[in-house]
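Worksheet: the structure to be examined is printed underneath.
The values are calculated or read from the model by the stated rules, or taken from the named source; none is laboratory data. All figures in this text were calculated on a predicted structure; none of them were measured in a lab. No Cβ is skipped: glycine too gets one built from the backbone with ideal geometry, and neighbour counts run over all protein chains shown.
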């Protein structure tokens, strides 16, 4: 398989997984509520995305870099909105709940 074909597969996969965050972001903006968003999950996910972005830079992999740069922007946007729209976004983080409970 050619290098271009492999990169194309990477770009298509990256577009699918990256764009999957767009409906969630648009929903949070539309409803002005991030109540159903797990802060813990998005914090851990964002750290993982930063690490994948670093990997892409170190490996000189444009599909990995591009996908994770956009994913990070979307993820951080959701985190910012979670902090902005939630009356108590940190609830549960100190108790080990991490967004798995029924609280905000």
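Per-residue answers, yes or no, for (1) in contact with a strand residue (DSSP E or B) (Cβ under 9 Å, 6 or more places away or on another chain); (2) within 13 Å of residue 73 (Cα to Cα); (3) outside any helix (DSSP H, G or I); (4) at pLDDT below 90:
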residue	(1), (2), (3), (4)
7	no, no, no, yes
25	no, yes, no, no
42	no, yes, no, yes
47	no, yes, no, no
55	no, no, no, no
58	no, no, no, no
Residue under evaluation residue 51, criteria (1) more than 18 Å from residue 67 (Cβ to Cβ); (2) surrounded by fewer than 12 Cβ atoms within 10 Å (Cβ to Cβ); (3) at pLDDT 90 or above, criterion not met: (1)
Conditions (1) touching a helix residue (DSSP H, G or I) at 6+ places or on another chain (Cβ under 9 Å); (2) surrounded by 14 or more Cβ atoms within 10 Å (Cβ to Cβ): number failed by residue 27: (1)
Qualifying residue in region 32-39 (condition: closer than 16 Å to residue 72 by Cα, in contact (Cβ under 8 Å) with a residue 60 or more places away in the chain and assigned to a helix (DSSP H, G or I)): yes
